[in-house]
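Accompanying notes for the structure given below.
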C-alpha cells in the first residue's frame, strides 16, 4: 500500500484564532498550492481518495477528479467551546490544564489529542485490506501528526516536532 498524506491548503482565517473542526474556506493562493500538490502525486495512478469532510479538505480532494470517500475520523481536533475564539480570549482556568497536558486533557465539549489519535488509528487500520492500492488522504495537521507519531513510535507530547505545512504531501 502506498499512501500520500496531504494537508489542506491555507485556510481563510486570521492568525491567533482557535480552529479545528470549524468549516473554513481557503485563501486566494488555493490554485497555486494545488498545482504544487499535483506535481508530487501521480494522479493517474491513484486508486482511492479519502478526505476529511471539512470544506478546506473537500475542496482540495475534489481537484483530483476521482471519487472521494469522506470520513469524519480524518477531521481535525475538536476544539469544542474554543472553536473560532481568539486564543487570547479563552478563559485561563480552562486553557491552563490543557496547555500543561494537551495530550490527555479534553477541551471543554471537544476532545483530547489522545482521542484524535484513537479515531485516526481506527481509520488507518481499516485501510489494511487495501494493501496494493495507491491512496491519497486529504486531512489536517493534527491527524497527520497523530498517525506519523504512532507509526514512528513518537510520543504524542513530542509530535509537534513533526512540522507539516499547508499543502504538504508526506508519503508513507
Residue 148 versus residue 101, label points 7 Å from Cα toward the beta carbon: distance in nm? 2.7
With no solvent term and unit scatterers on the alpha-carbon positions of the chain, Debye gives log₁₀ I(q)/I(0) at q = 0.15 Å⁻¹ of -0.84
Taking R0 as 30 Å, what's the FRET efficiency between residue 171 and residue 89 from their Cβ-Cβ distance, rounded to 0.05? 0.20
Calculated FRET value between residue 163 and residue 31, using beta carbons and R₀ = 25 Å, to 0.05: 0.55
Which one of 159, 32, 150 has the biggest mean-square fluctuation once the chain is modelled by GNM with Cα springs under 10 Å? 32
Max mean-square fluctuation residue, GNM over the chain, Cα-Cα springs under 10 Å, options 147, 60, 24: 24
Computed over the chain: longest principal axis from alpha-carbon atoms vs helix 113-125 long axis, angle to nearest 10 degrees, is 20
When DSSP beta bridges are limited to those with both residues in region 6-171, what percentage is antiparallel, rounded to the nearest 5? 25
Contact order normalised by residue count of the chain, Cα under 8 Å, 6+ apart, percent: 37
Residue 48 paired with residue 127, simple spin-label distance in nm, labels 7 Å along Cα-to-beta-carbon: 0.9
Hey, what number do you get for the chain at 222 nm if only DSSP H runs of n ≥ 4 count, each worth -39500 (n - 2.57), divided across all residues, to the nearest 500? -9000 deg cm²/dmol
Most fluctuating of 96, 72, 47 in the GNM of the chain (C-alpha, under 10 Å) is 96
Acute angle (nearest 10 degrees) that the helix 30-40 long axis makes with the longest principal axis of the chain, alpha-carbon atoms: 60
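Every number here is computed from the coordinates shown, using simple stated rules; none is lab data. Please read these numbers as outputs of a predicted model, since none were measured by experiment. Here Cβ is always computed from backbone atoms with ideal geometry, including for glycine, and neighbour counts include all displayed protein chains.
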